[in-house]
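Data block below; observations after.
Please treat every number below as a calculation from the coordinates, not as lab data. It should be emphasised that the depicted structure is a prediction, and the values quoted were computed from it without experimental measurement. Cβ: placed from backbone, ideal geometry, glycine included. Neighbour counts: every protein chain shown.
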Amino acid sequence: MPATPSARPRGRAGHLERPREVLLQAALDVFSRKGFAGASVREIAARAKVNHGSIRYHYETKDKLWRAAVTFLFERQAREMDVSTAAAQGLSERELLEHFCREYVRYCARHPEHARIAVQESIAGGARLEWMAEHHIRVVHGAVGPYFESCMERGLLAKVNVVSLMYLHAMASQAPFLLSAEIHAVHGVDVTSDEFIEQHAQTIVDLLLR
């Protein structure tokens, strides 16, 4: 399984116990809805119920606040996607891969802001994307890519281009939660329901695993 570094931040609703976590989650929520250019520090402060001046004091600029929020996001992903406990339970290689795929879908459902920010910055390009790629995305792909390649060699995944596979897996897992408003408008489906999330996880497993 891909190695994931431990991280201190906890999950979202009901588990954001520290003021810093509340602020950074508020920043993620606003940045993911408005984009970097459309987001304002005042709106983030209001959402987090903190003083606007205190944000300026601790983070100085909107760019530094964005970078702190994105770092918080990836550190939380590392913690929530830590598969070491499952790996120690004596599961087969296929069961471990299935566990990884299911947990990633559940992560995407809990944190749709992750995919939204990644897509925004990928479309815009520039310094923020380069920073995010250098400090966070390459670290994740440096673990997932070799893991998927080893699964290909063991016959658990089709032997395809590993970069294509990583992005197909990521986008297929994220898509319903990234496009939740469209899915509800067109199909009347609530993608945040436990039933849908588990059905989507099963779909990903059925499509990818051999």
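When the helices in the chain are scored as -39500 (n - 2.57) per DSSP H run of 4 or longer and the sum is shared across all residues, what 222 nm value do you end up with, to the nearest 500 deg cm²/dmol?
After summing the helix terms and dividing by residue count, I get -23000 deg cm²/dmol.
Give me the one-decimal nm value for the distance between modelled label points at THR71 and THR203, 7 Å along each residue's Cα-to-Cβ direction.
Once both label points are built, they end up 3.7 nm from each other.
Which of the trypsin sites (Lys or Arg not before Pro) across the stretch 113-178 are loop residues per DSSP, with 14 or fewer other Cβ within 10 Å?
Hits after loop and neighbour filter: ARG154, LYS159.
Excluding same-chain residues fewer than 8 positions from LYS64, which lysines have a Cα within less than 28 Å of its Cα?
Within the straight-line cut-off, LYS64 pairs with LYS34, LYS49.
Scan the chain and report its longest stretch carrying no GluC sites (Glu not before Pro) that are both in a DSSP loop and have at most 11 other Cβ atoms within 10 Å.
Result for the longest clean stretch: 61-210.
Is any helix in the chain, taking whole DSSP H runs, at least 20 angstrom long along its axis by alpha carbon and on average at least -0.5 on the Kyte-Doolittle scale, and which ones?
Correct list, ordered by number: 19-38, 138-153, 162-178, 194-208.
Could you tell me which of rounded, prolate or oblate describes the stretch 7-80, using a ≥ b ≥ c as the square roots of the eigenvalues of the alpha-carbon gyration tensor, with rounded for a/c under 1.5 and, failing that, prolate when a/b is larger than b/c and oblate otherwise?
prolate
With a ≥ b ≥ c taken as the square roots of the eigenvalues of the C-alpha gyration tensor of the stretch 67-155, please select rounded if a/c is under 1.5 and otherwise prolate if a/b is larger than b/c or oblate if it is not?
prolate
Could you tally the net charge around SER32, taking each other residue with its Cβ under 11 Å from the Cβ of SER32, Lys/Arg +1 and Asp/Glu -1?
Cβ neighbours under 11 Å give a net charge of 0.
Once you have the Cα-Cα distance between VAL139 and ALA127, take 0.36 nm times their residue separation minus that, and quote the gain in nm to one decimal.
Once the chain is fully extended between VAL139 and ALA127, it gains 2.5 nm.
With an 8 Å Cα cut-off and a minimum separation of 6 or more residues, compute the relative contact order for the stretch 24-79 in percent.
44 percent
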